[in-house]
Amino acid sequence: MDNIAGQKSSLSIVTHLSVLLLVLIWLVPTVGLFVSSFRDRDQISASGWWEAPFPVELTARGRTGAQGTPEGDMFVVTGNIFDDEEASSFFGADPGDVVAFGTRGSNPTEFPVGETVDLGDGETLTVNGDGSYRWVTPEDPGDRGQRVYFAAESPPKFTLDNYENVLTADNMDRAFINTMIVTIPATIIPILVAAFAAYALAWMEFPGRGLLIALIVGLLVVPLQLALVPMLNFHNAIGVGQSFVGIWFAHTAFGMPLAVYLLRNYMVGLPRDIIECAKVDGATDFQVFTKIVLPLSFPALAAFSIFQFLWTWNDLLVAKVFLPTNDTAKVMTVKIADDLLGSRGGDWGILATAAFVSIAVPLVVFFAMQRYLVRGLLAGSVK
Amino acid sequence: MHPLFQGIITIIIGVGGCVGYFYASNLVLDKVIYPARGANISRNIRRANEVRPWLFLFPAIFVLGLYLVYPVIGSFWRSLFNRSGDDFIGLGNYITLFGSDEFQTAVFNNILWAIVVPAGATFIGLVAAQLTDRLSWGNIAKSLIFMPMAISFVGASLIWKFVYAFDTDIGLINAIIVGLFGGEPVDVLQIPFWNNFFLMFILIWIQTGFAMVILSAALRGIPEETIEAAIIDGANPFQIFFKIKVPQIMGTIVVVWTTITILVLKVFDIVYTMTGGNFGTEILPSYMMTFMFRDDGRATAVAIVIMVIVTPVMVWNIMQSRKELR
């Protein structure tokens, strides 16, 4: 429609800007999560992820040495605060510049660097930008140095520590495997079952066909919540209980209405001539289905498998109900929602990383198969 | 046995079983029960073709009946019994429910969700579809707006937890309030009533891409003559959009709207992860989960209430599809 006269208007800049704004709102939160997952834990709590490329001011504390050299009637202690174990534990191998210091925890940035500060009783303390200090005291310090609080600019730091933590300490690796165990059979099995049913509904004549199609359309809408209690009781009664077998069955059934609906809509649109020619040539329905309809329906099959994959991978409700609650069977969504948010609710780095681990695979599938997904959506909703 | 092997075996048994079932049952039908030879050859072929559709349909009908039709009755029946399932208490569970404040909040919030989320997602999706259609980088923009479709509700909740966080070093909103406007940080998830809208926005964020993709296809399908005629008559872009384009794709808008409405009534993940139903944000699906594993009677009663709310949409859907079949 670009070449229609009068279409280009002065609105085009406004259009660019408003789409840009929309895209930013849609993209920025995910980027934030992504950036946060690579940041150092101390840096996350000290500055926002949008400041990630800039140095962060971290406050730390340490103690001066206690080896005083007598100088007149005073003792002088010199050294570098980063040599102190406690102080350097706040930073990695590459500490930045000290920007301020203090002697009380309540006000760690009381004095600017380089200033010689009177601590009372004739004591003075100087801390320089590179961390070197000079402490002058009238008494022999004995074995206790002076407590020093200071703020240092820490350069931006990106690590994989969060990923290591999440995947090892928090059992997220197990949850990842569990999610795959749930997802793959629950995606593959319904396709076959649904494809046969869709073929019957699309190309076979039998009484009650219209009624069945209406029933499928109706079942598209039935809320899952209804199935939870009766089917869990049923699983318990037949000895399946809360298990992977149970959740495979459940996902297969819950995906079935959409699968049959999508595939039937697609198959109905296949050219009638091909199918009738094959039948005239003596092909049975079984042969028509496996040799002609199934290969031609590839786009619809791909679309449905993406839907079903995303749905089972992302599902929380069915997994909460049909899987056991012990750690060996938890999938990622349950792990995040029930464990991490509860016990590590304040640990933003871990949360971001766990979330990112869980959404990475769907995002890859999404961007790789977007074409089929869009086609499937259109087959399902627009005639 | 390691579940991974169990999974692989299930795939083999499941797929092999399906193929085997369809193949074997067809073979038996054609060769053994109604063989296409002998005296009754034409009658046999006709009968075989009458039975075959049901062979094709059986597995699908079986799982659908067991997991989706039976539970409607099963849940209703269970909801008439008390917590342990021993005593028949009639509508007792429903009476307690309707009397409870939390349930009323949940119903009220659910109605809000069912209005605001479809409206928001459809409207933003429609605007995005119209705006991106004419841009050179429109496809990239669409792809990015569509992206949240792939993200789980739990993942999306976490993403927005970062945005909504009270801490100004985590929460983008509070950082903007404090950093740019010099205000006080607020915990948006605890503002009475309005916190619901912050939760709804997460679902709008997820669903807008869906609306946009479908409406964008519908917009492209509009015959150009109608638009050309409007331009010649001197309509401005807004008039073209709202008076020419939107009325022509009204059917698609309604389909998108109802699809999202149905989804809204099923989503419990967002409320569950963000607030756990506290601060007056309970909705029916999350309210049901508070009873799950604890009081099956009440849990099923809530599920039936959700079903009753969905029923009009369901009837409408079936009527639409019957119209198309004809």
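Things to note:
- Residues within the stretch B:147-161 that are open to solvent by less than 10 Å² (accessible area, probe 1.4 Å) and more than 23 Å from A:ALA368 (Cβ to Cβ), tallied: 2
- All conditions but one from (1) free of Cβ contacts under 8 Å to residues at least 24 places away in the same chain; (2) closer than 17 Å to B:LEU57 by Cα apply to A:ASN236; the one that does not is (2).
- The stretch A:169-181, subset more than 8 Å from chain B (Cβ to nearest Cβ) and at pLDDT 85 or above, residue most open to solvent (accessible area, probe 1.4 Å): A:PHE176
- As a summary of the residue check, A:ILE274 satisfies the conditions (1) in contact with a helix residue (DSSP H, G or I) (Cβ under 7 Å, 6 or more places away or on another chain); (2) at the interface with chain B (Cβ under 10 Å from one of its Cβ atoms) except for the one numbered (2).
- The residue list A:SER88, A:SER45, A:SER132 contains one member that is open to solvent by 20 Å² or more (accessible area, probe 1.4 Å) and in contact with a helix residue (DSSP H, G or I) (Cβ under 6 Å, 6 or more places away or on another chain), which is A:SER88.
- Qualifying residues in the stretch B:24-77 (those that are open to solvent by 40 Å² or more (accessible area, probe 1.4 Å) and among the charged types (D, E, K, R)) - the one farthest from the other protein chains (Cβ to nearest Cβ): B:ARG43
Residue-wise test of (1) more than 8 Å from chain A (Cβ to nearest Cβ); (2) free of Cβ contacts under 8 Å to residues at least 24 places away in the same chain; (3) over 19 Å from the mean Cα position of the chain (by Cα).
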position: B:MET250; (1), (2), (3): yes, yes, yes
position: B:ILE260; (1), (2), (3): yes, no, no
position: B:ASP269; (1), (2), (3): no, no, no
position: B:GLY280; (1), (2), (3): yes, no, yes
position: B:MET307; (1), (2), (3): no, no, no
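- Failed condition for B:ILE9, given (1) surrounded by 18 or more Cβ atoms within 10 Å (Cβ to Cβ); (2) under 29 Å from A:VAL229 (Cα atoms): (1)
- If you go through the stretch B:78-107 and keep only what is aromatic (Phe, Trp, Tyr) and open to solvent by less than 70 Å² (accessible area, probe 1.4 Å), you end up with B:PHE81, B:TYR94, B:PHE103.
- Pair list, Cβ < 6 Å and 6+ apart or interchain, from the stretch A:162-186 residues that are without any contact (Cβ under 8 Å) to a residue 60 or more places away in the chain to residues that are in a helix (DSSP H, G or I) and open to solvent by 10 Å² or more (accessible area, probe 1.4 Å): A:ASP173/A:LEU167
- Single condition A:SER9 does not satisfy, out of (1) loosely packed, with under 15 Cβ neighbours inside 10 Å; (2) within 9 Å of chain B (Cβ to nearest Cβ); (3) modelled with pLDDT of 85 or more: (3)
- Test: B:TRP160 is in contact (Cβ under 8 Å) with a residue 24 or more places away in the chain, assigned to a helix (DSSP H, G or I) and away from chain A (no Cβ under 13 Å): no
- Qualifying residue in the stretch B:173-187 (condition: under 23 Å from B:THR281 (Cα atoms), open to solvent by less than 10 Å² (accessible area, probe 1.4 Å) and either part of a loop (DSSP other than H, G, I, E, B) or in contact (Cβ under 8 Å) with a residue 24 or more places away in the chain (or both)): no
- Matching residues, the stretch A:205-258, being among the polar types (S, T, N, Q) and more than 7 Å from chain B (Cβ to nearest Cβ): A:ASN233, A:ASN236, A:GLN242, A:SER243
- B:SER25 among the small types (Gly, Ala, Ser) and touching a residue at least 12 places away in the same chain (Cβ under 8 Å): yes
- Tally of residues being within 9 Å of chain B (Cβ to nearest Cβ) and either more than 20 Å from B:VAL163 (Cβ to Cβ) or open to solvent by less than 10 Å² (accessible area, probe 1.4 Å) (or both) across the stretch A:341-355: 4
- For the stretch A:291-299, the condition holds for no residue, the condition being that it is in contact with a helix residue (DSSP H, G or I) (Cβ under 7 Å, 6 or more places away or on another chain), farther than 19 Å from B:VAL267 by Cα, facing chain B (nearest Cβ under 9 Å) and surrounded by fewer than 17 Cβ atoms within 10 Å (Cβ to Cβ).
- Within the stretch A:320-330, the set of residues being open to solvent by less than 30 Å² (accessible area, probe 1.4 Å) and at the interface with another protein chain (Cβ under 10 Å from one of its Cβ atoms) comprises A:VAL321, A:ALA329.
- Candidates B:LEU126, B:LEU57: the one that is modelled with pLDDT under 90 and among the aliphatic types (A, V, I, L, M) is B:LEU57.
- Qualifying positions in the stretch B:23-52 - farther than 16 Å from A:THR290 by Cβ and touching a Phe, Trp or Tyr at 6+ places or on another chain (Cβ under 6 Å): B:ASN44, B:ARG47, B:ALA48
- All positions within the stretch B:285-302 that are at the interface with chain A (Cβ under 8 Å from one of its Cβ atoms) and in contact with a Phe, Trp or Tyr (Cβ under 9 Å, 6 or more places away or on another chain): B:PRO285, B:MET288, B:MET289, B:ASP296, B:ALA299, B:THR300, B:VAL302
- Total residues in the stretch B:232-242, condition farther than 16 Å from B:VAL127 by Cβ and either within 32 Å of the chain's Cα centre (by Cα) or open to solvent by less than 40 Å² (accessible area, probe 1.4 Å) (or both): 1
- With respect to the stated conditions, B:TRP113 fails to be of a type in the set (A, V, I, L, M, F, W, C), assigned by TED's automatic domain parsing to the domain that holds B:LEU203 and surrounded by fewer than 17 Cβ atoms within 10 Å (Cβ to Cβ).
- Meets criteria (facing chain B (nearest Cβ under 9 Å) and under 22 Å from B:ARG78 (Cα atoms)) for A:PRO190: no
The values are calculated or read from the model by the stated rules, or taken from the named source; none is laboratory data. Since we're looking at a predicted model, the values are computed, not measured. Quick reminder, even Gly has a Cβ in these numbers, built from the backbone with ideal geometry, and neighbours come from all protein chains shown. Please note that ligands, DNA and RNA were not included when accessible areas were found on the heavy atoms of the full protein model with its side chains. Shrake-Rupley method; radii C 1.70, N 1.55, O 1.52, S 1.80 Å.
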